[in-house]
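Enquirer: Handing you this structure, nothing more for now.
The values are calculated or read from the model by the stated rules, or taken from the named source; none is laboratory data. Just so it is clear, the model here is predicted, and its values are computed rather than measured. Because the Cβ atoms are built from the backbone with ideal geometry, glycine has one as well, and the counts that use them run over all protein chains shown. To get the accessible areas, we keep the full protein, side chains included, count just its heavy atoms, and leave off ligands, DNA and RNA. Shrake-Rupley method; radii C 1.70, N 1.55, O 1.52, S 1.80 Å.
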Amino acid sequence: MMAGLLLVPSRCTEPSTRRPLPMPMSHDRDCIRLRGVRQNNLKNLDLDLPLGELICVTGVSGSGKSSLAFDTVYAEGQRRYVETFSPYARQFLDRMDRPRADRIDGIPPAIAIDQTNPVRTSRSTVGTMTELNDHLKLLFARAARLFCRGCGREVRRDTPESIWAYLHHRTVDAPPRALICFDVRVPEGLSAEQVKELLAQQGYIRTHSESAERIEVIQDRLRLDADNQGRAVEALEAALAHGHGRLRVYPLDEDRTPGAPWRFSADLHCPDCDIHYREPQPALFSFNSPMGACEACRGFGRTIGIDWDLVVPDASKSLLDGAVKPIQSDSYSEVQEDLIGFAHRRGIPTDVPWRDLSDRDRTWVLEGEGDWEDRVWYGIRRFFQWLEGRSYKMHVRVLLSRYRSYETCSACGGARLKDEALDWRVGSHELADAALDRAARFRHARTVMPALAWLGLPGLTLHDLMRLPIDRCRAFFDDLALPGAMDQAMDLLIANIRSRLRYLVEVGVGYLTLDRQSRTLSGGEVQRINLTTALGTSLVNTLFVLDEPSIGLHPRDMDRVVAILERLRDQGNSLLVVEHDPQVMRAADRIIDIGPGPGEHGGELVFQGTPAQLLASSGAEAGGSEVHRSVTGDYLAGRRQVAAVGERDGLVVA
């Protein structure tokens, strides 16, 4: 995973006086110099690793590849980084032992990306690993549109100018006369007549309606035509100010009878449904924040509860035969007796298999009909609630754990977020329809608008985007055009989202979703996701140590992984890759072959050079040992091959 940054000069020191290198190179270039490396089974290796290259470390299993790449090069970089901290800070950091080597110079800041998956919490997802969740919450806080959960109308802050534009557009063919009104609340201690007297002192003598709690005051009455635009905007501004950001406009017919009002609000408030919405903040769109996390499941998307399939594991048993398993022990035999007794009183058969009972009878058994004090059957659910109150006892906790399981949170439906965060949307009808069918989009529990209105909402919510496969999510954002002019920060935000999604598709994990839990990923998936994260941060002058990034990939996807590695190298980074895949080896700038065998028979430098040199030569001619021949070079060049000679005999070398 990510290692710390190491502030160590990456220049070669003076030439060593030890024995000549297996493959002499020019010392006037930057390189990592290793002298006398004896880590694990490595046998006193001397190596120069040029910086700015893609270096592939290969060899048979157990030959010492990881000992060189991870236990020596990366471990030394991590150790030096930790030593830059104070003694007090070092006690909180993982410290690695000094590698067994005479001297190591020129190590740049190092990052190890291996196949281990250390994530154990279900809060970590593909979106949090790639930091796309952080980008998306900023996007929704800045550019998403809010739609009322009651009526489906877009909720936005109205201004006098926007209200006039709406009124003029709606009545452009036949501008009617209209009343512009606002509400005044009647405070405690004053009557409506007293409030009207105070309003009259300020010039407001006309009212549209009144009650004991409020008075609807007429700000102005005018015709909604272009000649009255200035007067209308001034009246709208005054009505918003006196009405605390809310007003109504009543169109008048020919008899000057008011029609249904048009409501407007200067806040995030739906004037039709009278629902007020919270200001959008990035934390509202994060399930790792108390502001945005579902209060029922606290952002996990699941809750733990009673699994009724475990409570009644055998549906062929009757109540008399012990269909309800938790109450069959001697400790809770009294509950079993109560169940049978109350069932006889109610007329519920106790000798009929559970599967043959009616739904009503089964519900009665599980839910009961009242509390124990009411001298009625209290139900198995209340029995478990009674046990919860005694969970301080070990045996009770053990009993409860046998009948519990995780289930999707009933409050958020697995979205992890509060409902108010799911009222915000980005995108258009066309983009949303291309990414996700309307019937499959997420509808939270507090949505009360008609189904037709809900299906007509444009764009996708944050949870909809999280559920999309990454390749479809990438297509959505590639075509996304936000309304209005974007500032430099928003341009950069959208560009980062697109680039990170593109990197994920390029490394072959486009089938994953952003809400996929990290702990369910394979080692190869974790490594490729971390690789795209490093690429997305645009790091330079960094050493990346990777452990078989091709693992689990189909051969047709290898070209994309190689392209990612080459892009990291071209940005000015160095890559040390432990790999066996021929495509990666051929794309490398330099190959280091460790061998010739595993364990104590390995740990020697068999070859060091370019792929072309490995294909053309072997043994001492290739800069390796005089007595060892590079088996890797023979296989790459086709001089040796693996051939199947029979199912029983397996694979042999031909």
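Enquirer: Which of the lysines could a cross-linker bridge to Lys418, judged by Cα under 22 Å and excluding same-chain residues fewer than eight apart?
Expert: Result set, ordered by chain and number: Lys137.
Enquirer: Where does each of 298-310, 588-600, 387-399, 344-356 land if you order them by average Cβ count within 10 Å, highest first?
Expert: In decreasing order of mean packing, 298-310, 588-600, 387-399, 344-356 become 588-600, 298-310, 344-356, 387-399.
Enquirer: Is it possible to state the helix-based mean residue ellipticity at 222 nm for the chain, with each DSSP H run of 4+ residues giving -39500 (n - 2.57), the sum divided by total residues, to the nearest 500 deg cm²/dmol? What is it?
Expert: -9000 deg cm²/dmol
Enquirer: For Arg586 paired with Arg443, estimate the spin-label separation in nm (one decimal), with each label point 7 Å from Cα along the Cα-to-Cβ line.
Expert: Taking the simple label geometry, Arg586 and Arg443 are separated by 5.4 nm.
Enquirer: Take every Cα-Cα pair in the chain and report what % of them are more than 36 Å apart.
Expert: 62 percent
Enquirer: Could you report segment 289-333's accessible area per residue, 1.4 Å probe, as an integer in Å²?
Expert: It amounts to 53 Å² per residue over segment 289-333.
Enquirer: A follow-up question, please. Residue by residue through segment 290-296, what is 3J(HN,Hα) from phi via Karplus (6.51 cos²θ - 1.76 cosθ + 1.60, θ = phi - 60°)? Round to whole Hz and write x for glycine and proline.
Expert: Ordered by residue, 3J(HN,Hα) equals x, 5, x, 6, 4, 6, 6 Hz.
Enquirer: How big is the Rg/Rh ratio for segment 215-337, C-alpha atoms only, Rh by Kirkwood, two decimals? Numbers along the way, then the final one.
Expert: Working: Rg = 30.4 Å, Rh = 21.1 Å.
My calculation of the ratio gives 1.44.
Enquirer: Further question on the same structure: May I ask you to order 73-83, 459-469 by the average number of other C-beta atoms within 10 Å around their residues, highest value first? Provide the component values of the computation, followed by the final result.
Expert: On the way: 73-83: 20.8, 459-469: 23.0.
Packing order, densest peptide first, comes out as 459-469, 73-83.
Enquirer: Explain nothing, just the number: relative contact order of segment 318-404, from Cα pairs under 8 Å at least 6 residues apart, as a whole percent. Mind showing how you got there, number by number?
Expert: Details: 70 pairs, mean separation 17.4, N = 87.
Computed value for segment 318-404: 20 percent relative contact order.
Enquirer: Each label point is 7 Å from the Cα along the Cα-to-Cβ direction; what then is the distance between the points at Ser61 and Arg153, in nm?
Expert: 6.8 nm
Enquirer: What per residue convex hull volume, in Å³, comes out for segment 510-550 when only alpha-carbon positions are used? Don't jump to the answer; show the numbers that get you there.
Expert: Details: hull volume 3.6 nm³, N = 41.
Residue-normalised Cα hull volume stands at 89 Å³.
Enquirer: Checking the cross-link filter: which lysines have an alpha carbon closer than 16 Å to that of Lys317, excluding same-chain neighbours under 8 positions apart?
Expert: Cα-Cα hits under 16 Å: Lys325.
Enquirer: Pairs of Cα atoms under 8 Å, at least six residues apart: use those to get the relative contact order of segment 263-314, whole percent.
Expert: 15 percent
Enquirer: Counting only heavy atoms of protein chains, what accessible area per residue, in Å², does segment 176-244 have with a probe of 1.4 Å?
Expert: 57 Å²
Enquirer: Mind listing the phi-derived Karplus ³J(HN,Hα) values for segment 181-198, rounded to whole Hz, using 6.51, -1.76 and 1.60 with θ = phi - 60°, and x for any glycine or proline?
Expert: 10, 9, 8, 10, 6, 8, x, 5, x, 10, 8, 5, 5, 5, 5, 5, 5, 5
Enquirer: Contour minus end-to-end for Ser333 and Glu279, with contour as 0.36 nm per residue of separation and end-to-end as the Cα-Cα distance?
Expert: Gain on stretching Ser333 to Glu279: 13.9 nm.
Enquirer: Share of antiparallel DSSP beta bridges in the chain, in percent to the nearest 5?
Expert: Of the beta bridges lying entirely in the chain, close to 75 percent run antiparallel.
Enquirer: How far apart, in nm, are the 7 Å Cα→Cβ label points at Leu452 and Thr171?
Expert: 2.7 nm
Enquirer: Follow-up question, since we're still on this one. Hey, what's segment 408-504 come to in accessible area per residue, 1.4 Å probe, Å²?
Expert: With all protein chains present, segment 408-504 gives 43 Å² per residue.
Enquirer: Another question, then. Run the accessible area of the chain with a 1.4 Å probe and give the carbon-and-sulfur part as a rounded percent.
Expert: Within the chain, the accessible surface is 49 percent carbon and sulfur.
Enquirer: Which whole-Hz ³J(HN,Hα) couplings does segment 328-335 yield from phi under the Karplus relation 6.51 cos²θ - 1.76 cosθ + 1.60, θ = phi - 60°, glycine and proline marked x?
Expert: 8, 7, 4, 5, 10, 5, 5, 5
Enquirer: Follow-up. Treating only the Cβ of Lys, Arg, Asp and Glu as charged (+1, +1, -1, -1), what charge dipole size does the chain show about its Cα centre? Round to the nearest 20 debye.
Expert: So the dipole magnitude of the chain works out to roughly 1040 debye.
Enquirer: Next question. In percent, how large is the relative contact order of the chain, given Cα pairs closer than 8 Å and 6 or more residues apart?
Expert: Working: 1175 pairs, mean separation 131.2, N = 654.
After rounding, I find 20 percent.
Enquirer: Mind checking the full-extension length gain between Arg38 and Asp487? Use 0.36 nm per residue of separation minus the Cα-Cα distance, one decimal, nm.
Expert: Length gained between Arg38 and Asp487: 156.1 nm.
Enquirer: Just subtract the alpha-carbon distance of Asp253 and Ser318 from 0.36 nm times their residue separation and send over the number in nm, one decimal.
Expert: Details: separation 65, 0.36 × 65 = 23.40 nm, distance 7.22 nm.
Going from the current span to full extension adds 16.2 nm.
Enquirer: Going highest first, how would you order 439-448, 534-543 by mean Cβ packing within 10 Å?
Expert: Top of the packing list down: 534-543, 439-448.
Enquirer: Something else about it: Could you pull out every residue, at least 5 positions away or on a different chain, whose amide H is within less than 5 Å of the one on Ala110? Hs are placed 1.01 Å off N in the peptide plane, and Pro or chain starts have none.
Expert: Here Leu6, Leu543 satisfy the definition.
Enquirer: Could you list the GluC sites (Glu not before Pro) in segment 309-383 that lie in coil according to DSSP, counting only those with at most 13 other Cβ atoms within 10 Å of their Cβ?
Expert: Listed in order of number, the matching sites are Glu369.
Enquirer: Take the alpha carbon atoms of segment 543-599, find their center, do the same for segment 111-138, and report the distance between the two centers in whole angstrom.
Expert: 23 Å
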